[in-house]
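For reference, the structure discussed in these notes is given below.
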Amino acid sequence: MSNKVSTHLFDLIKSLNKSEKRYFKVFSSRHTIGEENSYIRLFDFIDRMDTYQEDLIFMHFKGQALLNKFSITKARLYDNILKSLDTFYASSSHDAQIFRAIHSADILYNKGLYKQSERVLNSAEKQAKKHGNYNLLLEIKEKQKRLIENDMYRDIKADQITKMLEEERSIIKDIETYHQLWHVKSLLFQEINFNGKIRDDEGKEKLKELLAQINELNVDKAPLKSKYLYHHIHSAYYFSINQLDKSYEHLKENLTLIEASKTFMKDQPNIYFSLLTNITYIATKLKDYKAAREFLSKLKEVSPKGSGQATLDLDIKYFSSTTSLELFLLTEQGNYDKAEQLIPQIEEAYRLYGDNINSLRKAYIDFKVGVIYLSVGKYNEALHWINNILNENKIDQKQDIYCFAQLLNLVIHLELNNDRFLPYALNSTKRYLKNRNRIYRFEELFLKLIGQMSKADNIFDLQEKLEPVEKELAELKKDPKEEVVFEYFDFHTWIQTKIKRESFVTLKTRELQAAG
């Protein structure tokens, strides 16, 4: 059995915003739990901690009853916080309101107040239909049947019973559609998260087969949640096979759907965040910079701070989404100086949020910062940020971001003239890619190239080795199966810096100006 002290109570308390903490105090004062409500004092003491240290709690409350069977004390305080949150958010979402109405109908039924129970259920039914909660709608139908049975079928006609069956069949069909969409979406994302963007025909065919499972579905009259999933699946599919224009169309369809529903935006803020994040990224990739700026501004406007919905989770998602997109948009437009100016803000956010930031989200930001420093020639700083990724044991090494961090690591060491370390790093990267079946056409060419560059005798020898490779990289940059590589870092332009003996920023600026 593990002797590790649980931090669940500490984590829960630290996740609360000011309004939730204030409400807990009010709630506890109404439901006193222990002499002089010592649980509130324990709550306050833990809330003041930066890290959870149970020995400090025992020192502070030495001799007090709350330390007797302390594991039970913590469990009761934890449960009481959850109860206060349940009450606090009882009216914050329509699902919560419908749940409460169903529970109230049960209480009225058990008291024999059948007409009142029926009235509450009918009201809950209207809300469930309005907001597309078909699972709860089915439960409401079951409780309405109970009332009909209890009344011995006196006030219902045969055609009404038949109509109920038809309504239930329609509800079940909508539920089946939703769950089928969810099933395909989950398999699709499991595949994408594991393998990254598709770079071979086999992977593309696998995703195509998944999509075929929902091709016959007609979601025109389906509930909003199903319509959203349908477009979400297609936007992810087209993104993964690099058909960004089609992905963009489905993202715009979803944005129109969600923004037309204030209820959905209120109840599902995470989904709106994610949608704005994705559409900003795709707009940037398609060089629709004006739209990208508009989407990013919209994302910044829905900051959870001051919205009444602020949580640590939303704060972190807001930070990681807006920061990552801002960096990406600036670098895609060649504004490296402005991008570099954001880095102190990132370091401050890391200090504030610490380990609460998801390791994968943090890795993508670290990578972008590493690319910025590499692009402007600050190689030691670039190495520091890329090492953050390579040294993070919480990141699955099969992830694309880890793979490309390995490749960028070689570039940086080459720039730093780390001749003694480079052969070791190169062999290590070769083993890593081979063991994970990640040696595609680009990786094979790149590893061979790094080996040649590290052995070049002089600049003229280097240029002679690079010129044929530069042409091959230019072709790979146009290959739909390989161009995903250049989304992480423009290796082709980097090679050109060695041939033309100009800075990366100079070449990228010229390239952007030529593109108009």
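The values are calculated or read from the model by the stated rules, or taken from the named source; none is laboratory data. These numbers come from a predicted model, not from an experiment. Quick reminder, even Gly has a Cβ in these numbers, built from the backbone with ideal geometry, and neighbours come from all protein chains shown. Surface areas here come from the heavy atoms of the whole protein model, side chains and all, with no ligands, DNA or RNA. Shrake-Rupley method; radii C 1.70, N 1.55, O 1.52, S 1.80 Å.
Mind grabbing the accessible area of residue 130 for me, 1.4 Å probe, Å², rounded to tens?
Accessible area, nearest 10 Å²: 150 Å².
Can you tell me which of 65-74, 440-449 comes out highest on packing, and rank the rest after it, using the mean Cβ neighbours within 10 Å? It would help to have the intermediate numbers written out before the result.
Values: 65-74: 13.8, 440-449: 17.6.
Highest-to-lowest ranking by the protection proxy: 440-449, 65-74.
Among 449, 515, 51, pick out the residue whose Cα is farthest towards the positive end of the charge dipole of the chain, where Lys and Arg carry +1 and Asp and Glu carry -1 on C-beta, about the Cα centre.
Highest projection toward the positive end goes to 51.
About the Cα centre, and with charges only on the beta carbon of Lys, Arg (+1) and Asp, Glu (-1), how big is the dipole of the chain? Nearest 20 debye, please.
1120 debye
Once the dipole of the chain is set up with Lys and Arg at +1 and Asp and Glu at -1 on Cβ about the Cα centre, which of 218, 324, 104 lies farthest towards its positive end?
Of the listed residues, the answer is 104.
Please list the non-local residues whose amide H lies under 5 Å from the amide H of residue 489, H modeled 1.01 Å from N, same-chain partners needing a gap of 5 or more.
none
Tell me the relative contact order for the range 371-516 as a rounded percent, counting alpha carbon contacts under 8 Å between residues six or more apart.
19 percent
For the range 204-244, what is the charge dipole size about the Cα centre, in debye to the nearest 20, if Lys and Arg each add +1 at the Cβ and Asp and Glu each add -1 at the Cβ? Numbers along the way, then the final one.
Values: 6 positive and 4 negative charges, 25 e Å.
That gives the range 204-244 a dipole magnitude of about 120 debye.
Which value, in debye to the nearest 20, describes the size of the charge dipole of the range 89-187 about its Cα centre when Lys and Arg Cβ atoms bear +1, Asp and Glu Cβ atoms bear -1, and nothing else is charged?
Values: 17 positive and 15 negative charges, 45 e Å.
With only Lys, Arg, Asp and Glu charged at Cβ, the dipole is about 220 debye.
In the chain, if the dipole is taken from +1 on Lys/Arg beta carbons and -1 on Asp/Glu beta carbons about the Cα centre, which of 158, 343, 261 is farthest to the positive end?
158
Could you calculate the contour length gain from residue 444 to residue 215, that is, 0.36 nm times the residue separation minus the distance between their Cα atoms, to one decimal place in nm?
78.7 nm
Principal axis lengths of the chain from Cα atoms, whole Å, largest first?
Rounded to whole Å, the extents work out to 96, 69, 44 Å.
Once ligands and nucleic acids are excluded and a 1.4 Å probe is used, how much of residue 6 is accessible, expressed in Å² to the nearest 10?
Answer for residue 6: close to 50 Å² accessible.
As a quick test, which of the pairs 14/62; 206/338; 394/498; 221/262 have an alpha carbon distance above 31 angstrom in this structure?
206/338; 394/498
If ligands, DNA and RNA are left out, what is the accessible area of residue 385 with a 1.4 Å probe, given in Å² to the nearest 10?
Result for residue 385: roughly 10 Å² accessible.
Relative to the longest principal Cα axis of the chain, at what angle does helix 244-259 sit, 0 to 90 degrees, rounded to 10?
30 degrees
Tell me, what is the FRET efficiency for residue 154 and residue 180 to the nearest 0.05, using R0 = 41 angstrom and their Cβ-Cβ distance as r?
After rounding, the FRET efficiency stands at 0.55.
Could you derive backbone 3J(HN,Hα) for the range 379-395 from the dihedral phi with the Karplus parameters 6.51, -1.76 and 1.60 (θ = phi - 60°), listing whole Hz in sequence and x where the residue is Gly or Pro?
Running phi through 6.51 cos²θ - 1.76 cosθ + 1.60 with θ = phi - 60° gives 6, 5, 5, 4, 4, 4, 6, 6, 5, 4, 6, 5, 9, 8, 7, 7, 8 Hz.
Sort the following peptides by mean Cβ neighbour count (other Cβ atoms within 10 Å, averaged over residues), highest first: 158-165, 144-151, 224-231.
Output ranking for 158-165, 144-151, 224-231: 224-231, 144-151, 158-165.
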